[in-house]
DNA sequence: CAGGATCCAGACGTGGATCCGT
DNA sequence: ACGGATCCACGTCTGGATCCTG
């Protein structure tokens, strides 16, 4: 059962009110989808459940989840104390497409986000996990400055051919980690010496230390 | 039931002998695959049946059907008089990748081909269609000269931006036709004036007049 | 009947993320 | 607890070709 996509921010916020406090069992029953035993073989299940409830089409590449509103949806697993349990995936890294920050996928994905924190302590069964209050958020100048610096430094390392040395240790809010089916997946890359090589596809992620600020406000 | 891939040309020719004269009903029974009522919703079925019988893996992109032998497999529907009923698809057209003929996908697909003609008169039910004698063929210099000229002229028209005017009328042996799910599928293209536009994805095909020469020898 | 349009299966890529060893 | 590794769904692309109308 798919809902209609909200046409205005007010409609979206109404839908968010109807989401806060509800359990995943509750939501999946209303939407008539079956609930998996755990997330090991369904890692994206919660995110897709929330997408369905809020009425995003779940397809559409390169467009925000709510295209007419320009808003991106991100779920965040948190513990009882509103502390994120995981980093948050932002988008794939496009090596060799050097643009300005404002043209980047990262900026455009994070400019305007609906964060949906979900109480997800590991001892809490999937069905009993509950939605906290969704947060409609816009990137502020200070945050942008930090993200921009992170992005520029990380992209520069990639451009210069240091992709293999680019570990998840770099970056204040944003960092780069593998993003692939497994480590056998490889894509073309040109290293610092100008030689053709292969690296595992990578993605941008927000560190939990960053999203913690959002969830605790 | 998948067979092993032939490791030598001799093994491949043995397999071909076992194929000649047999009906599609016979083959599909041996391979334990169900036979469709007609080809309208299974246009590639015959080709895939023959692939299975001859032991090609059916995956592998950019590689020949028999990678270790460097041989490509092509089925050709023919009538009682060995005249092809259709043109033969070769490969997709890669606009904006101008290389030399010998580096082209067309040359490499057609250098060494196992043609499998199949009696396919329209009044003959799918199950009753029979395999004629497979033909293991290598491109000869005269054929290459004609194919090369066709390919160079067609590619030049594409490079120069005349993709929209490039109809299937051009080319002696080889021509270009749409190759997509339907005519709504579009891909980026730069026209003769240098403007960005969209065209339907295209493929190279061999005219029936060309394959007729092969089937009648 | 030639040329433009179309159809399926299966591989591949991307967006949704969490898992889990050190 | 962090960073490298991994997992599913689903849309898109590609290779297998034939359909079908003017």
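Of A:165, A:130, A:179, the residue with the greatest mean-square motion in the GNM of chain A, using alpha carbon springs below 10 Å, is A:165. For the peptides B:44-53, A:5-14, the ranking by packing is B:44-53, A:5-14, with the highest mean count of neighbouring Cβ atoms within 10 Å listed first. Label sites at residue B:144 and residue B:187, each approximated as a point 7 angstrom past Cα along Cα to Cβ, lie 2.7 nm apart.
With helices as the sole contributors, the protein assembly as shown gives -8000 deg cm²/dmol at 222 nm; each DSSP H run of n ≥ 4 counts as -39500 (n - 2.57), and the sum is divided by every residue. Over all Cα atoms in the range B:92-150, the spread is summed up by Rg and Dmax: 16.0, 44 Å. Peptides A:71-82, B:32-43 ranked from most to least packed, by the mean per-residue count of other Cβ atoms within 10 Å: A:71-82, B:32-43.
Estimated translational diffusion coefficient (Stokes-Einstein, Kirkwood radius over Cα pairs, 25 °C, 0.890 mPa s) of the range A:153-208: 210 µm² per second. Mean projected area of the Cα convex hull of the range B:87-217, taken over all directions, amounts to 9.3 nm². Bridge orientation summary for the protein assembly as shown: considering DSSP beta bridges with both residues in this region, about 75 percent are antiparallel.
For the range A:11-117, the pair-distance distribution built from all alpha carbon pairs, in bins 10 Å wide starting at 0, is 12, 41, 35, 10, 2 percent. Eigenvalues of the alpha-carbon gyration tensor of the protein assembly as shown, scaled by 5 and square-rooted, set the equivalent ellipsoid semi-axes at 52, 28, 22 angstrom, largest first.
For the pair residue A:85 and residue B:101, a Förster radius of 56 Å applied to the C-beta separation gives a FRET efficiency near 0.45, rounded to the nearest 0.05.
The P(r) of the range B:44-105 has a tail past 19 Å containing 46 percent of all C-alpha pairs. Between residue A:177 and residue A:57, the C-beta separation translates, for a Förster distance of 41 Å, into a calculated FRET efficiency of about 0.90. How many angstrom lie between the C-alpha centres of the range B:163-186 and the range B:57-112? Comparing the Cα centres of the range B:163-186 and the range B:57-112, I get a distance of 17 Å.
Where a number appears in this text, it was derived from the coordinates with a stated rule and is not lab data. Because the structure is a prediction, the values reported are computed rather than measured. Here the Cβ is made from the backbone with ideal geometry for all residues, glycine too, and neighbour counts use every protein chain on show.
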